Structures are given as structure tokens and as C-alpha cells.
Amino acid sequence: MIGRYTTGLWSRKRARFINKSFFLRPLNYYGVFMAKLRRGAAYSRTSQIKRPYTRRSKYRAKNFIKASPHSKVVRYEMGNVMKKFEFTLILIAKRALQIRHNALESARMSGNKILEAKAGKTEYHMQLRKYPHHHLRENVLASGAGADRMSTGMAASFGKVVGLAAQVKENDIIFSVEVDKKNIGIAKESLIRCKNKLPCRCQILIEKNAS
């Protein structure tokens, strides 16, 4: 019953009040009880980079991984591709790590939004310089009460693909933005926004392009 005390929905011992708005608002009922996305630290640590590098081969017979999830990165070049600009600002990683494709896409969207709104679509050229080739793998085990009796796992198992990531080395360029002198401040603000979406310390460098 809506808006009244009910028993037996989650707990039979005590009644719980269910608000009408819970039923009336558009809600993904399956998403309410789903597990959250894991923290980036679970995949970005240096120990993860030491694992075997896994990617799909262009030769079907040599593929250890037959199917892979679709990359969430929509595009790698934004803005005016043809124009020559005066300055280039680059965002470099200060440590080696793995960056998942959802973090790369989130950083790209937030950085590009500032450049489009403040500088204009034709006054910059932004590039994402890393591609998520690496396949993240996990050996999925049963969880819950008594799971250790059902499955004890397997040492050095290959695992199932759970996502994509880009492997970044120290001082690698992640993003680059080309602008004229008047828009350097906007480009720097854009790269700071990108940095906030990435799971590592980054540095912004400004270079003058050769005329």
C-alpha cells in the first residue's frame, strides 16, 4: 500500500513508511540495488600495470579475447583541426598508472565544454592523446554467505573482461590544447578541469609553436 505502514517488504519485524514520491518519480528499479562502479584506485595502481598487457589482435586466430566492451570515448579531436595556433598547452601525468575509458571521456567532456563556451568552437584545437587499448580482466567469484565452500578460485586465472583502460607512463601527455595568446587562460582552466577528473597528479606546460 502506498503512503501507509507496511510489513514484510524489507523487514517483517518492524513497519516501514514508504513515501509516495518513491513510486511516482521515474526510477530505474534495477539500478537502485546494483553495485556501484569500483574506485579508480582499484585499477590505476602501479601493481596493475605489471600485469600482462592485453589487447585484441587484428588477427582473429591470435585473439585470447574474442569480444571486448565498447569504448566510452566518443572522439579524440575537438575544435578547429585546420587552423594553426600560437601556443600549445599539454597535460602530463606525474606517475605511471592506468586510466579507465570512463574517466578519460569524463575529463574530455568537462574540458571541451569550457573551451566551447568561453573560447568558441573555432578558436581551439583539443586532443586526447591516449587510447584505451588495455583490457581490464577479473576472475569473478561467488560472493556472500558460504561462498568459500562453493568456489575457492584459481591461481593466476585469465579472468573476464570488465572494462578498458589506457596505460600511461610517467610524463606522458594525456591532453593537449592549441590556442592563440588571448585564450591561454581559458585553455589552462579547461586542463585544470580535466585534471580534476583523472586519478593522478598532473602538470600543465605551455609551449610556443614554431611559426
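The values are calculated or read from the model by the stated rules, or taken from the named source; none is laboratory data. Since the structure is predicted, the reported quantities are computational estimates derived from the model, not experimental observations. For neighbour counting, all protein chains shown are included, and Cβ atoms are generated from backbone atoms with ideal geometry for every residue, glycine included.
Inspect the stretch 112-129 for any residue being surrounded by fewer than 20 Cβ atoms within 10 Å (Cβ to Cβ), closer than 27 Å to Val161 by Cα and of a type in the set (Lys, Arg) and give the result as yes or no. Yes, the stretch 112-129 has at least one match. Counting residues in the stretch 138-148 that are surrounded by 13 or more Cβ atoms within 10 Å (Cβ to Cβ), outside any loop (DSSP other than H, G, I, E, B) and modelled with pLDDT of 95 or more gives zero. Has the stretch 123-130 got at least one residue that is assigned to a loop (DSSP other than H, G, I, E, B), in contact (Cβ under 8 Å) with a residue 24 or more places away in the chain and closer than 24 Å to Phe158 by Cβ? No, the conditions are met nowhere in the stretch 123-130. Going by the structure shown, is Thr88 over 24 Å from Lys195 (Cα atoms), in the same structural domain as Gly185 (by TED's automatic domain parsing) and surrounded by 15 or more Cβ atoms within 10 Å (Cβ to Cβ)? Taking the combined requirement at face value, the residue does not satisfy it.
Taken over the stretch 76-93, the criterion of being assigned to a loop (DSSP other than H, G, I, E, B) and within 18 Å of the chain's Cα centre (by Cα) is satisfied by Tyr76 alone. The residues of the stretch 157-179 that are modelled with pLDDT under 95 and over 17 Å from Ala107 (Cα atoms), listed by number, are Ser157, Phe158, Gly159, Lys160, Val161, Val162, Gly163, Lys169, Glu170, Asn171. Which of the residues spanning the stretch 50-63 are over 24 Å from the mean Cα position of the chain (by Cα), at pLDDT below 80 and in a loop (DSSP other than H, G, I, E, B)? Passing the criteria: Lys58, Asn63. Figure legend. Inter-residue proximity from the stretch 163-188: first residues part of a helix (DSSP H, G or I), second residues of a type in the set (D, E, K, R), beta-carbon distance below 6 Å, spacing 6+ or different chains. Indicated pairs: Lys181/Glu86; Asn183/Glu123; Ile186/Lys118.
Tell me, please, whether a residue that is farther than 15 Å from His133 by Cα and not in a helix (DSSP H, G or I) can be found in the stretch 95-102.
For the stretch 95-102, residues farther than 15 Å from His133 by Cα and not in a helix (DSSP H, G or I): present.
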